[in-house]
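The values are calculated or read from the model by the stated rules, or taken from the named source; none is laboratory data. All of these numbers come straight from a predicted model, not from anything done at the bench. All Cβ positions, even for glycine, are placed from backbone atoms using ideal geometry, and neighbour counts span all protein chains on display.
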Amino acid sequence: MSKSRDGNFFEDFRLGQLIEHATPRTVTAGDVALYTALYGSRFAVQSSDAFARAIGYPRSPIDDVLVFHIVFGKTVPDVSLNAVANLGYAECRFLKPVYPGDTLSSTSEVIGLRENSNRQTGVVYVRSTGRNQDGAPVLEYARWVMVKKRDEAAPAPDEHVPQLKKAVDAKALGAALPALDIAGYSNALSGSARRWGDYEVGEKIDHLEGVTIEEAEHQLATRLYQNNSRVHFNQHEQREGRFGRRLIYGGHIISLARALSFNGLENAFHVAGINAGRHVSPAFAGDTVYAWSEVLGKARLDGPDAGAIRVRLVALKDKAAASFALKTGDQYDPAVLLDLDLWVLMPL
Amino acid sequence: MSKSRDGNFFEDFRLGQLIEHATPRTVTAGDVALYTALYGSRFAVQSSDAFARAIGYPRSPIDDVLVFHIVFGKTVPDVSLNAVANLGYAECRFLKPVYPGDTLSSTSEVIGLRENSNRQTGVVYVRSTGRNQDGAPVLEYARWVMVKKRDEAAPAPDEHVPQLKKAVDAKALGAALPALDIAGYSNALSGSARRWGDYEVGEKIDHLEGVTIEEAEHQLATRLYQNNSRVHFNQHEQREGRFGRRLIYGGHIISLARALSFNGLENAFHVAGINAGRHVSPAFAGDTVYAWSEVLGKARLDGPDAGAIRVRLVALKDKAAASFALKTGDQYDPAVLLDLDLWVLMPL
Amino acid sequence: MSKSRDGNFFEDFRLGQLIEHATPRTVTAGDVALYTALYGSRFAVQSSDAFARAIGYPRSPIDDVLVFHIVFGKTVPDVSLNAVANLGYAECRFLKPVYPGDTLSSTSEVIGLRENSNRQTGVVYVRSTGRNQDGAPVLEYARWVMVKKRDEAAPAPDEHVPQLKKAVDAKALGAALPALDIAGYSNALSGSARRWGDYEVGEKIDHLEGVTIEEAEHQLATRLYQNNSRVHFNQHEQREGRFGRRLIYGGHIISLARALSFNGLENAFHVAGINAGRHVSPAFAGDTVYAWSEVLGKARLDGPDAGAIRVRLVALKDKAAASFALKTGDQYDPAVLLDLDLWVLMPL
């Protein structure tokens, strides 16, 4: 019997099960450079040690979304190698800044299970936590995925669907901030004078630019996160599959959209939480990704001189974001790739 | 009204205007590794800390052309987002070595304006300066670009065309050198025994190798420099444009040509200045780039045990450099991508 | 006469000749990040400083195969620029761990020469050594390549074919290990509880996953190693050649196979030696690479709490590894890209 592992199937999960994921990872300036090359992000806090220091960080923190990808990647071999679909995220909070040299590892708890009526698949809910080398949590999120059964005849587990919050409470945000000194924040260097007070609920922003995805790019990205989900890498196998092509890791679209959102959200220097997220349709190499945002809400934070803005960030494929395409009735526009609901922080 | 910015148009510029560009950037060993992966450069000073130390550097400096790209990239959102053409460079000098950990930022001064007779575009001349975290200039260059007008009816500014030098004075070179100890310079490790004295004015060098460009490569490179010029990234938009394809950032060709030039100029360990440069024709993915050089001049430097060689560095596409293709009369050969006039330094 | 060099031809080599190769190279965290992005390797020792420290390393060592590529790359301009074929490797041992910040350089000794009967080519045998900045050997291997003659009429050298061992003696392994503290080795973090004692001679392992190669990826990799062999980069020239396409550096396949082998050999944390290796057929962009392993032998090491496993690692193209395809009689299966015989170490 081969020693290689083909991942867990639906009937392998147990409610309350704790999984310690393999492959701890030291994040370095090398990862930061690659992340810049992959997405071209221009947020000053993550780009410049000098800028970060001027507002109270010891140096530039690792981009929040890169932290997410690395923590997420470790969960794939145990949680989603046999996933049919990545259904959603909720209750995602960034709890501590991560700096080059920190080592990240991940654990997950199974918080829900529900077999589908076709008995071929089931939904697995996990709460995953990323920790640094001291064991301190840096990131926590819930995620649910539809996973194949190995054996249709395997008995269904007791159904348990966890109650997940629609949004992260604004009072819970900001845990990953140092003591901020916003007086040191330069609008010229950040790229915009528009701060928290300048954004209004209901406002929509066309992030203007578009970027075309290449196979080599998403493969480099996904491997950088040590995410080994097969559908992203194996054209020989995918040729015979439903789409005939390699699917792009949904997180690659999140990072592209976040980087595009710089144009209009230049001072949104920190992603503090993700309320909800849905990969509405699959992306493929050759697609050109555009993004737009809508301001859904605003909140002051208690401590630091920063406020939170709740943003819907939408990624479209092959359709300019000036369309602000989203839904017709309940139906998503076919151009929508990603519908993400997140909290970003801005200086007051 | 959307908060995103579509850049400055010709009528937005004023003579004497000072622009502080956004997105300061800490350069790291990660950037160095990516630069090596993108171009395969083999100059020993930039490749080996031990080699650099042996001749007087505290460690390997960042490749000069990488410094140029990072400083340049910051100017794009303000200067050339609406450029029709990047017309030329002049008076470019490297003023201080840059090391991993240094943070670069850029400013530009508008030094010339000239509306074109069609009233649809105008030429903007800027002098851009890159500075490190201490505010010390590390790079200075003049550049002129043809920029669209937003409104044809906008009044033309007073015409002012700056007098730019045809070449950087050799006496002004070498500012970015440490106190050199050329006794520590190993010909075996550098790859050649040919030094400053072995090159003659008029000599041409075929750099022999050719390298084919991929879309993913130039996109990774251009994003690494945080250069957000749209024409490099958006196939969905470019499909409808003049070329039907993504254009490659001209600086990518400069870096490819510089790396190819190692074969024949192994000891040209430092680019000290760029006298003039022209992107003669656009490059696209799939093009194979070759390079050749001609020695245009030589000069001793005052202080260090190094001499300057003025080189014309020509990049060709899909044509071997043994052709030394350049011009027929005033017309450039259609294979010419780049005609660059630069000062490189070599040990005596 | 041009100063550029087109490499050595068969008649340029002399038995006993010592070659000091150019381009010393400081290896950094940037190279590590790129290597992860290129191959997605998940071995915990190389991924996590914390994991490496727990078992006795001062920090994560550089991946052994990356060390091999960097040392190898330096030999290309002198040894194999005019190679027709890379025929084999033997007696490869890793002698000292390499850490970020170390500077590698290479030397080679010509240990054998044999002209082919067609007088157009000959086989050159070299023993190459990689050293760190202190001059300490970190890697040693023998390699033989078939090299073109510049001039068919050049006289043949005295034939000398070196006696190379079929396998590295197990007693010679482990030189690149620190004093190991295997008590600190976590199976949960490494990804498997299967250690040295769990593998049996004759056992075959299907590494399951497949990965499709892109042009940009192998070019980035090969340039990262500063390997300037032309066949990997120049489509304009290769179009006219035997395959009509760019050939992929054989070492790229080794790294892909090693990374795939994680699934089933999770605790094989160190490649200690390469007994033999053959690039059976050329690989091209678009190929999907699979890998399988067979346990050929086992040996206890004297000092550390680790044992050696001798593994045949086979890479296939466009054929799932469940086939365990290798040979029919003496003929390799057409899907076989690589047949590598190596020693890996595992905790007891």
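Residue B:156 fails exactly one of the following numbered conditions: (1) touching a residue at least 60 places away in the same chain (Cβ under 8 Å); (2) over 30 Å from residue A:45 (Cβ atoms); (3) aliphatic (A, V, I, L, M). What is the number of that condition?
(1) is the only condition that residue B:156 fails.
Can you name the number of the only condition in (1) over 30 Å from residue B:266 (Cα atoms); (2) in contact with a Phe, Trp or Tyr (Cβ under 8 Å, 6 or more places away or on another chain) that residue C:224 fails?
All conditions are met except number (1).
Out of curiosity, is residue C:72 of a type outside the set (Gly, Ala, Ser), touching a His at 6+ places or on another chain (Cβ under 9 Å) and either modelled with pLDDT under 95 or within 23 Å of residue C:261 (Cα to Cα) (or both)?
No; evaluated as a whole, the condition is false for this residue.
Could you figure out which of (1) more than 14 Å from chain A (Cβ to nearest Cβ); (2) touching a strand residue (DSSP E or B) at 6+ places or on another chain (Cβ under 8 Å); (3) outside any helix (DSSP H, G or I) isn't true of residue C:81?
Among (1) more than 14 Å from chain A (Cβ to nearest Cβ); (2) touching a strand residue (DSSP E or B) at 6+ places or on another chain (Cβ under 8 Å); (3) outside any helix (DSSP H, G or I), the lone unmet condition for residue C:81 is (2).
Say whether the condition of being modelled with pLDDT of 95 or more, within 8 Å of chain B (Cβ to nearest Cβ) and on the phi < 0 side of the Ramachandran plot is met by at least one residue in region A:159-181.
No - not one qualifying residue is present in region A:159-181.
Among the candidates A:277, A:251, A:241, single out the residue that is in contact with a Leu (Cβ under 8 Å, 6 or more places away or on another chain) and either of a type in the set (Gly, Ala, Ser) or at pLDDT 95 or above (or both).
Result of the check over A:277, A:251, A:241: A:277.
Could you check region A:306-329 and list, in sequence order, the residues that are more than 20 Å from residue A:260 (Cβ to Cβ) and either surrounded by fewer than 18 Cβ atoms within 10 Å (Cβ to Cβ) or under 20 Å from the mean Cα position of the chain (by Cα) (or both)?
A:308, A:327, A:328, A:329
If we scan region B:298-308, do we find a residue that is in contact with a helix residue (DSSP H, G or I) (Cβ under 8 Å, 6 or more places away or on another chain), under 24 Å from residue B:231 (Cβ atoms) and either free of Cβ contacts under 8 Å to residues at least 24 places away in the same chain or in a strand (DSSP E or B) (or both)?
No.
Quick one: residue B:96 ticks every box in (1) under 17 Å from residue A:36 (Cα atoms); (2) in a loop (DSSP other than H, G, I, E, B); (3) away from chain C (no Cβ under 14 Å) bar one, so which box is it?
Result: residue B:96 passes all but (1).
Just one of B:182, B:205, B:213 is out of contact with any Ser or Thr (no Cβ under 9 Å at 6 or more places or on another chain) and hydrophobic (A, V, I, L, M, F, W, C); which is it?
B:182
Need pairs with beta-carbon distance below 6 Å; first residue under 18 Å from residue B:341 (Cα atoms) and within region B:163-191, second of a type in the set (Asp, Glu) and surrounded by 15 or more Cβ atoms within 10 Å (Cβ to Cβ); sequence gap 6+ or separate chains.
What qualifies is B:164/B:91; B:165/B:91.
Can residue B:208 be described as at pLDDT 95 or above, within 21 Å of the chain's Cα centre (by Cα), within 30 Å of residue C:240 (Cα to Cα) and among the aliphatic types (A, V, I, L, M)?
no
Could we say that residue A:208 is among the aliphatic types (A, V, I, L, M), on the phi > 0 side of the Ramachandran plot and touching a residue at least 24 places away in the same chain (Cβ under 8 Å) here?
Taking the combined requirement at face value, the residue satisfies it.
Going residue by residue through region B:203-215, is there one that turns out to be closer than 29 Å to residue A:43 by Cα and not β-branched (Val, Ile, Thr)?
Yes, region B:203-215 has at least one match.
Go through region B:337-348 residue by residue and tally those that are in a strand (DSSP E or B) and within 16 Å of residue B:266 (Cα to Cα).
6
Restricting to region C:124-137, name every residue that is among the β-branched types (Val, Ile, Thr) and either surrounded by fewer than 20 Cβ atoms within 10 Å (Cβ to Cβ) or assigned to a loop (DSSP other than H, G, I, E, B) (or both).
C:129
Restricting the search to region C:39-60, which residues are within 7 Å of chain A (Cβ to nearest Cβ), touching a residue at least 40 places away in the same chain (Cβ under 8 Å) and part of a helix (DSSP H, G or I)?
C:39, C:44, C:51 - these are the residues of region C:39-60 that are within 7 Å of chain A (Cβ to nearest Cβ), touching a residue at least 40 places away in the same chain (Cβ under 8 Å) and part of a helix (DSSP H, G or I).
Limited to region C:309-336, what total is found for residues that are free of Cβ contacts under 8 Å to residues at least 40 places away in the same chain, outside any strand (DSSP E or B) and over 19 Å from residue C:275 (Cα atoms)?
Final tally of qualifying residues: 8.
How many of the residues in region A:61-71 are of a type in the set (D, E, K, R) and assigned to a helix (DSSP H, G or I)?
Summing the residues that are of a type in the set (D, E, K, R) and assigned to a helix (DSSP H, G or I) in region A:61-71 gives 1.
Filter region B:23-37 down to the residues that are part of a helix (DSSP H, G or I) and at the interface with another protein chain (Cβ under 7 Å from one of its Cβ atoms), then identify the one that is farthest from residue B:216 (Cα to Cα).
B:29
Any residue in region B:288-295 that is farther than 25 Å from residue B:190 by Cβ and buried (at least 24 other Cβ atoms within 10 Å of the Cβ)?
No, region B:288-295 has no match at all.
Determine whether residue A:63 is crowded, with 22+ Cβ neighbours inside 10 Å, away from chain C (no Cβ under 12 Å) and under 26 Å from residue B:73 (Cβ atoms).
yes
Do we find that residue A:194 is surrounded by 24 or more Cβ atoms within 10 Å (Cβ to Cβ) and within 14 Å of chain B (Cβ to nearest Cβ) in this structure?
So residue A:194 fails the test.
Looking only at region A:227-259, how many residues end up being surrounded by 23 or more Cβ atoms within 10 Å (Cβ to Cβ), touching a residue at least 40 places away in the same chain (Cβ under 8 Å) and within 11 Å of another protein chain (Cβ to nearest Cβ)?
The number of residues fulfilling the criteria is 4.
Going through region C:1-22 one residue at a time, which ones are out of contact with any helix residue (DSSP H, G or I) (no Cβ under 8 Å at 6 or more places or on another chain), within 11 Å of chain B (Cβ to nearest Cβ) and either charged (D, E, K, R) or part of a loop (DSSP other than H, G, I, E, B) (or both)?
Of everything in region C:1-22, those that are out of contact with any helix residue (DSSP H, G or I) (no Cβ under 8 Å at 6 or more places or on another chain), within 11 Å of chain B (Cβ to nearest Cβ) and either charged (D, E, K, R) or part of a loop (DSSP other than H, G, I, E, B) (or both) turn out to be C:1, C:2, C:4, C:6.
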